[in-house]
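Enquirer: Next up is a structure, given as structure tokens.
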Amino acid sequence: MPGHIVPMGAGRAVMDRRDDPLHDYVLELTGKDDPVVLFLPTATGDDASYIVSFYEAFHSGRCRPRHLRLFHRDFDDLTDIVLGADVIHVGGGNTANMLDVWRRQGVDTLLHQALAGGAVLTGGSAGGLCWFEGGTTDSYGPTLQLLDEGLGMIKGSYCPHYDAEDQRRPLFHAALLDGSLETGYASWNRVAIRFTAGGELVEAVTSEPGGRALKVYARDGEIVEEDIPCRRLAERVASRSVST
């Protein structure tokens, strides 16, 4: 099956919602009944509580969950664990530090290979921004700045947390107006935008009423926010229990 890239507006805030329909949406894209889901918590320095949240959301009743720590590596060769995943879920946190670690340890190259092999690449906040060429980040402190060192799997830029953090929208607009960032996308926290492996927009989905996704660009010195039709996902009827 072809690969997909599915950036979301929020990382931990969505992960902590164990039954959020966005989780099932990502799993269903694999076309498999029991997909392997690999969690990369690099952006939080492999925070243990975030890893626990991942296993609570993507438990063995839903999939075959795995995680990969890079600050205390358990593997000499990362190839099998990364390329063996049907879904690679990237956690939120410090995008700049995460990208540096990935490049130092060769994970960036493996992620490109995984996408070419048909994997679903997803995540929120840092886990959404990383797939683009650049965007807005809090990697350098409480005052948001621009990041232009993304993986570039999707051309252009991305602004997560568009509805939730006051600094995001004005910084994004200013960067588009002065050319610091290319035409991009923005989304509410509980919204995902799906792209093909080639970076083409497919659709936007939301797990909350009123969730929005936007294509944002500068035209004649003005900012244009173009709504992307956003399909509301149905809530799960019943939660499957965690296997013991």
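The values are calculated or read from the model by the stated rules, or taken from the named source; none is laboratory data. Note that the structure is predicted; figures quoted are calculated from it, not measured. All Cβ positions, glycine included, derive from the backbone under ideal geometry; neighbour counts span all protein chains shown. Surface accessibility is based on the protein's heavy atoms, side chains included, excluding ligands, DNA and RNA. Shrake-Rupley method; radii C 1.70, N 1.55, O 1.52, S 1.80 Å.
Enquirer: Return the residues of region 67-100 that are surrounded by fewer than 19 Cβ atoms within 10 Å (Cβ to Cβ) and either within 22 Å of Ala116 (Cβ to Cβ) or aromatic (Phe, Trp, Tyr) (or both); say none if nothing qualifies.
Expert: Phe71, Phe75, Asp77, Leu78, Thr79, Asp80, Ile81, Leu83, Gly84
Enquirer: Suppose we filter region 183-206 for residues that are in a loop (DSSP other than H, G, I, E, B) and more than 20 Å from Gly118 (Cβ to Cβ); how many remain?
Expert: Qualifying residue count for the region: 4.
Enquirer: On to the next question. Tally the residues that are crowded, with 24+ Cβ neighbours inside 10 Å and out of contact with any His (no Cβ under 9 Å at 6 or more places or on another chain), restricting the search to region 29-47.
Expert: Number satisfying all stated conditions: 2.
Enquirer: Sticking with this one: Residue by residue through region 189-206, note down the ones that are farther than 21 Å from Leu111 by Cβ, touching a Ser or Thr at 6+ places or on another chain (Cβ under 7 Å) and open to solvent by 30 Å² or more (accessible area, probe 1.4 Å).
Expert: Hit for region 189-206 is Arg190, nothing else.
Enquirer: What do you reckon, is Pro209 farther than 26 Å from Thr42 by Cβ, free of Cβ contacts under 8 Å to residues at least 24 places away in the same chain, in a helix (DSSP H, G or I) and open to solvent by 50 Å² or more (accessible area, probe 1.4 Å)?
Expert: Judged against the criteria, Pro209 is not a match.
Enquirer: Got a sec? Which of Ala192, Ala197, Ala164, Ala186 is out of contact with any Phe, Trp or Tyr (no Cβ under 8 Å at 6 or more places or on another chain) and aliphatic (A, V, I, L, M)?
Expert: Ala197
Enquirer: Checking the structure you have, find out if any residue of region 219-227 is farther than 16 Å from Cys130 by Cβ, touching a residue at least 12 places away in the same chain (Cβ under 8 Å) and open to solvent by 80 Å² or more (accessible area, probe 1.4 Å).
Expert: Checked against the condition, which is being farther than 16 Å from Cys130 by Cβ, touching a residue at least 12 places away in the same chain (Cβ under 8 Å) and open to solvent by 80 Å² or more (accessible area, probe 1.4 Å), region 219-227 yields at least one hit.
Enquirer: Out of all the residues in region 116-150, which are open to solvent by 10 Å² or more (accessible area, probe 1.4 Å) and either within 13 Å of Gly198 (Cα to Cα) or not in a loop (DSSP other than H, G, I, E, B) (or both)?
Expert: Correct list: Ala116, Gly117, Gly118, Glu133, Gln145, Leu146.
Enquirer: Hey, another quick one. Check whether at least one residue in region 71-83 is closer than 14 Å to Leu40 by Cα and touching a strand residue (DSSP E or B) at 6+ places or on another chain (Cβ under 8 Å), and report yes or no.
Expert: Within region 71-83, one or more residues are closer than 14 Å to Leu40 by Cα and touching a strand residue (DSSP E or B) at 6+ places or on another chain (Cβ under 8 Å).
Enquirer: Scan region 159-182 and tell me whether some residue there is outside any loop (DSSP other than H, G, I, E, B), open to solvent by 10 Å² or more (accessible area, probe 1.4 Å) and among the polar types (S, T, N, Q).
Expert: No: zero hits.
Enquirer: Further question on the same structure: Six or more apart or on different chains, Cβ under 8 Å: which pairs go from a residue in region 169-187 that's farther than 29 Å from Arg232 by Cα and at pLDDT 95 or above to one that's of a type in the set (Val, Ile, Thr) and not in a strand (DSSP E or B)? Could you list them?
Expert: Final answer for the pair search is none.
Enquirer: Name every residue in region 212-235 that is modelled with pLDDT of 95 or more and either closer than 21 Å to Leu29 by Cα or not in a strand (DSSP E or B) (or both), in order of residue number.
Expert: Selection gives Arg212, Ala213, Asp220, Gly221, Ile228, Pro229, Cys230, Arg231, Arg232, Leu233.
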